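Asker: Here's a structure for you.
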Amino acid sequence: SNATAMTGPAMPGSGADRYRASLTCDGVEIVGFGEFGAGSYKYRTGANVNSNDIHLLAGLGLRFCTGWGRTTLGAFFESGWGDYDVDNAAGGISFHGDGDTRYQGGGLLLRQETDSGVYAELSGRVGRLKAEHKAGWFASGYDSRSTYFGGHLGVGYTFPVFSNGSLDISARLLWTRVDGDAFHNSVGE
């Protein structure tokens, strides 16, 4: 019997051949990238906490071929906003607090892809974080500002699954540090 008739028409070239063909370069390319996310969370653990957040990241990069495959160098801007409300009660007394957070920063990234589908990437970032809190039960609040910095390291493997789709298996290590801040609240503590 004919194996092609049993499995359907054969795809031209292997998956690796199709992936290598997608890595061909015509000089230097300008690439754009971005990410957007938003969330709303409710926690009921004795205290009621409601929070909302939005974050975005946008960047531009240069992609070009090297002796190791395809390299992408880029720079990005990131920003985020969030707020929360906290309600609690103890001994018949109700407590309320709320706050806002904002951050803005930027960073650089590097991604190296090989013809076989293996890739590695890394990035570094730095920015400023602002946090405000108001505790309604003491008429107290504070504003805090601090610097954050971090980075990530990732490795992965991309291989074709369908004629126009691929599967990306990866692992990433993310690290972020937020510097501390010393401040007095609105009642001088």
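Asker: Which length gain, in nm to one decimal place, applies between Arg177 and Gln104 when the Cα-Cα distance is subtracted from 0.36 nm times their residue separation?
Answerer: Additional length available on full extension: 24.8 nm.
Asker: Follow-up question, since we're still on this one. So if each residue of separation counts as 0.36 nm, and I subtract the Cα-Cα distance between Leu153 and Asp168, what length gain in nm does that give?
Answerer: 3.8 nm
Asker: Still on this model: Stretch Ala75-Arg44 to full length: gain in nm at 0.36 nm per residue minus the Cα-Cα span?
Answerer: Taking Ala75 through Arg44 to full extension adds about 7.2 nm, to one decimal.
Asker: For Leu56 and Ser94, what is the calculated FRET efficiency with R₀ set at 45 Å and r taken between the beta-carbons, to the nearest 0.05?
Answerer: It comes out at approximately 0.80.
Computed from the coordinates by the stated procedures, all read-outs in this text should not be read as laboratory data. Small disclaimer: the values here were computed from a predicted structure and weren't measured. Note that we place each Cβ from the backbone using ideal geometry, even for glycine, and neighbour counts take in every protein chain shown.
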